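FYI, it's all coordinate maths here, none of it is from the lab. Here the structure is a predicted model, which is why all the values come from computation and not from measurement. Ideal geometry is used to build each Cβ from the backbone, glycine not excepted, and the neighbour counts take in all protein chains shown.
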Amino acid sequence: MLRVLKSPKIALGLGLFLFFTLIAIIGPSIAPYSDPLKLVGTPWQHPSGKFLLGTTQQGQDVYSQLLIGTRPTLVISLISGVIATVLSVVIGVSAGFFGGIGDNLLSMLANVFLVLPALPFLIVINSYLPAGGKSNSTLLAVIISLTGWAWGARVLRAQTLSMRKRDFVDAARISGERSWRIIIFEVVPNLVPVIASSFVFTVLYAMGTYVALAFIGAIDPNAPWSWGSMLFWAQSNTAAQVGGWYWFAAPGICVALLGTSLVLLNFGIDEFINPRLRAAGLSRKGLKAAGVRSSNTLGLTPVVRKTPVPAATILEETV
Amino acid sequence: MTDPTNSARRHGAAPGGRVPALEARSLTKHFPVRGGWGMRKAVVHAVEDVNLVLHRGTVTSVVGESGSGKSTLARMLARLIEPTAGQVLLDGKPAPAGGREYSRLVQLVLQDPFASLNPVHGMRYILGRPLKIHGMAEGVATDDAIKDLLRRVALTPAEQFIEKMPHELSGGQRQRVAIARALAVQPEVLLADEPVSMLDVSIRLGVLNLLADLRDREQLAILYVTHDIASARYLADTIAVMYAGRVVEAGPAVQLTDRPQHPYTQLLLSAAPDPDRAESPSLAGAGSPPSLVNPPSGCRFHPRCPFAMPKCAEQNPPAFQVGPGQTSACWLHEGHTPKTSSTVSATAVEERTTRSIRDTSEG
């Protein structure tokens, strides 16, 4: 497990994610001002010692807004990641395992949710929510997860299809195991890497969707206060036009960094599952020293190939 | 639909007319093939009208090449696959369709030990589950029962093996674990689907001897499915040779391999490597197994058979008695009285063979 951390990508991804988790936990208590909407200075001040990330059009502290906005952004993304993953495991695995008409129906359902344009769909749903519901974090997470489970369900269904014909499933059946036990104790443990990867991907999707919904004002932009709220107010107060770049740059960069950390974590899971990608755990120098040729283009995870044995060596050995 | 002569004969050893532990009656399996739209009529005729009996204390071997339906037969007997037609009788009574009661009495060892053990579970779980499911051992006694099982399949020291994960074991050790799992429930019938085909030659004999030991000491009824007729001769009491889903010849193991009557068995034996054979092997036939979606009419072997007659393409041959306990489903043996000794019938076959070869060369 620790060997995986040797890969700079994974270490960076994990580090960034833990950093944001820490901010989400302690952010509100280290923020200079506990209310993100409190007017604390003159408007449009550039970043300075007093206001680390400047002030807004109304004179609010951007730094406090950023710290306070981290927790809802992360929490809602994680909750909807969990809900969507549970949905995709339940639907995908049972569709793949049992097959037949149930599989057809569940697959059709997943396909419908896949082709559904998620953002317009969420906007429509949100417009039907009662006033209180629009600022309810859990409800928002549930609604976002509704559009996020289908991808994972399809992947898991395909994996389960390949799994249910495996000999160890037949062997368990011969031992007299019940179907639900075969699914939970024989099939699902083998799907853990896929589920983990799908979870990370879904969290990334949920974060993007949540920020987007807040940004376009489809949900209450003030409660809960999030990075999306900052983008919404920065946009509606024409921050870009009047030179208040720090107001939208700060949350924008944070969204990008958190997203990057999730993608890097996904790479890490990938390397953990697929031993052929383990070269990523070695530095370029280390690879050369180990005599492994790696093709590393455009930052993709290098794939290990055996170095071809030079012809001379073969001849020597045969003679 | 079944030929009376055919279904009257059950392939397998029959000592003293006892009730067989497991019996297959006219087992047939057709797998539907899904083509494009509206093409769902096609089926693979995997197993066709197979009769087989397994008696306690005997090893019955089913021999055939890939695609002959032998694994499908084993899986039908284990109730993993529901037969299209026919019956499975357990102790003379119709067997329940799978379920725990059936798995308590009939166990199947699968071919590939690298696939049949779940990589996420250790030996304690893999061997402990059947014990728990069937109430063979409870609580603290489970560990002792698991160690006993490991010792029975010669995985010692059991104290170490019980802690291992499948990836820490070699192929032979894994197959022993798979056999131990089947033995955990103290079954009466053990179905072994090519248990040694994935193993190194050096450890095959160990597994075969283990099976022989189980037959002799625990009086298990064992079905040994294999493509290796030499190992079937070594282990089995009775051999049934399958071709394209049908049993073509069956009889006592040594007698059948010494005096094969059916042209396909002769081909199979001529293809088996034999270190004692001086001359290079000449195959008694050519070609490859037929498509089972559209199997050949009549005898399924006739397109490859060197002795094929016009009749072979028209009618499926019933099983003719060609020796004591030996039957052959071949028109060459038509008209043989069941009383003829095997020697006589062998000569007769030779006569017919020569004649048909002469006919072919003249025509």
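Here are some notes:
- Karplus-derived HN-Hα couplings along region B:216-228 (A = 6.51, B = -1.76, C = 1.60, θ = phi - 60°), whole Hz, x at Gly and Pro: 6, 8, 10, 6, 6, 8, 10, 9, 10, 8, 7, 9, 9
- Legend: mean number of C-beta atoms from other chains within 10 angstrom of residue C-beta atoms, peptide A:61-72, equals 0.
- Only Lys, Arg (+1) and Asp, Glu (-1) charged, at Cβ; region A:98-188 dipole about Cα centre in debye: 20
- Leading residue at positive end of dipole, region B:16-159 (Cβ point charges), from B:96, B:146, B:71: B:96
- Amide H contacts under 5 Å for residue B:48: B:29, B:246, restricted to partners 5 or more places along the chain or on a different chain, H placed in the peptide plane at 1.01 Å from N.
- Total formal charge among the other residues, if their Cβ is under 15 angstrom from that of residue B:107, Lys/Arg +1 and Asp/Glu -1: +4
- Averaged over the residues of B:102-114, the number of partner chain Cβ atoms lying within 10 Å of the residue Cβ comes to 2.
- Debye, to nearest 20: dipole size of region A:1-128, +1 on Lys, Arg Cβ, -1 on Asp, Glu Cβ: 440
- Other residues with beta-carbon under 12 Å from the beta-carbon of residue A:168 carry, at +1 per Lys or Arg and -1 per Asp or Glu, a net charge of +2.
- Value of relative contact order over region B:65-153, rounded to a whole percent, pairs C-alpha under 8 Å and six or more apart: 17
- Multiplying each eigenvalue of the alpha-carbon gyration tensor of region A:44-164 by 5 and taking the square root yields semi-axes of 41, 16, 11 Å, largest first, rounded to whole angstroms.
- If only the Cβ of Lys and Arg carry +1 and only the Cβ of Asp and Glu carry -1, the dipole of region B:177-243 around its Cα centre is close to 60 debye.
- Derived scalar couplings ³J(HN,Hα) [region A:229-246; Karplus, 6.51 cos²θ - 1.76 cosθ + 1.60; whole Hz; x for Gly, Pro]: 4, 4, 4, 4, 5, 4, 5, 6, 9, 6, 4, 5, 6, 9, x, x, 4, 4
- Each residue of region B:265-275 is assigned a 3J(HN,Hα), and the resulting list reads 4, 4, 4, 4, 5, 5, 8, 6, x, 9, x Hz, derived from the Karplus form 6.51 cos²θ - 1.76 cosθ + 1.60 (θ = phi - 60°), x at Gly and Pro.
- Value of relative contact order over region A:118-225, rounded to a whole percent, pairs C-alpha under 8 Å and six or more apart: 42
- When peptides A:166-172, B:135-141 are ranked by their average number of other Cβ atoms within 10 Å per residue, the highest-first order is A:166-172, B:135-141.
- Cα lying deepest toward the dipole's positive end in region B:131-289, options B:199, B:266, B:156, charges on Cβ: B:266
- Unsatisfied cross-links (Cα-Cα over 31 Å) in the set B:93/B:164; B:132/B:164; B:29/B:93; B:41/B:70: B:93/B:164
- With the alpha-carbon atoms of region A:122-185 aligned to their principal axes, the span from lowest to highest coordinate is 56, 20, 14 Å, starting with the largest.
- Gyration tensor verdict on region B:65-144 (Cα atoms; rounded if a/c is under 1.5, prolate if a/b is larger than b/c, oblate otherwise): oblate
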